[in-house]
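Asker: My questions will all concern the structure given below.
The values are calculated or read from the model by the stated rules, or taken from the named source; none is laboratory data. Treat the numbers as computed from the prediction; the structure is a model and nothing was measured. Reconstructed Cβ throughout: ideal geometry from the backbone, glycine too, with neighbour counts over all protein chains shown. These area figures cover heavy atoms from the full protein model, side chains too; ligands, DNA and RNA do not enter into them. Shrake-Rupley method; radii C 1.70, N 1.55, O 1.52, S 1.80 Å.
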Amino acid sequence: MSPTAFGVLLVVVSTMVEGFGQTFLKKSAIDVTRRQRWILLGVAVLIVEVLLYSGALRYLAVSTAFPITSLSFVMVTILSHWLLGERV
């Protein structure tokens with residue numbers, strides 16, 4: 001696998017991880033009894049996302065990596081429907 005392909009893979013994975021982090025934070029607003037747990041989980045997942053994205057920037061230019069992160073909008077939509085039962 002070429003370094004560029006590896007960088008793209010890291011950005012895609014980080015985008016998927018970001019979708020989970022955002023969904024967990026939304027869950028914290030819905031589930032008041034376990035709010036702190038969902039916030040901590042969401043923040044922890046987003047920290048992992050930042051580390052993955054930073055690692056991807058070793059292999060890709062920001063001008064290449066940043067547009068790929070727009071997939072996070074799609075990922076959050078899919079996960080919100082799947083995990084939270086929201087209508088799309």
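Asker: Being open to solvent by 50 Å² or more (accessible area, probe 1.4 Å), polar (S, T, N, Q) and more than 18 Å from Pro67 (Cβ to Cβ) is the filter here, so list the residues in the range 1-25 that pass it.
Answerer: Ser2, Gln22
Asker: Report every pair of residues separated by at least 6 positions or lying on different chains whose Cβ atoms are under 6 Å apart, first residue within the range 46-64 and on the phi > 0 side of the Ramachandran plot, second outside any loop (DSSP other than H, G, I, E, B) and not aromatic (Phe, Trp, Tyr).
Answerer: none
Rundown of residues vs (1) surrounded by fewer than 16 Cβ atoms within 10 Å (Cβ to Cβ); (2) of a type in the set (A, V, I, L, M, F, W, C); (3) without any contact (Cβ under 8 Å) to a residue 40 or more places away in the chain; (4) part of a helix (DSSP H, G or I), yes/no style:
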position: Arg35; (1), (2), (3), (4): yes, no, yes, yes
position: Leu40; (1), (2), (3), (4): yes, yes, yes, yes
position: Thr77; (1), (2), (3), (4): yes, no, yes, yes
position: Leu83; (1), (2), (3), (4): yes, yes, no, yes
position: Glu86; (1), (2), (3), (4): yes, no, yes, no
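Asker: Output the residue which, of all residues in the range 58-75 that are more than 16 Å from the chain's Cα centre (by Cα) and outside any helix (DSSP H, G or I), is farthest from Met1 (Cα to Cα).
Answerer: Ala61
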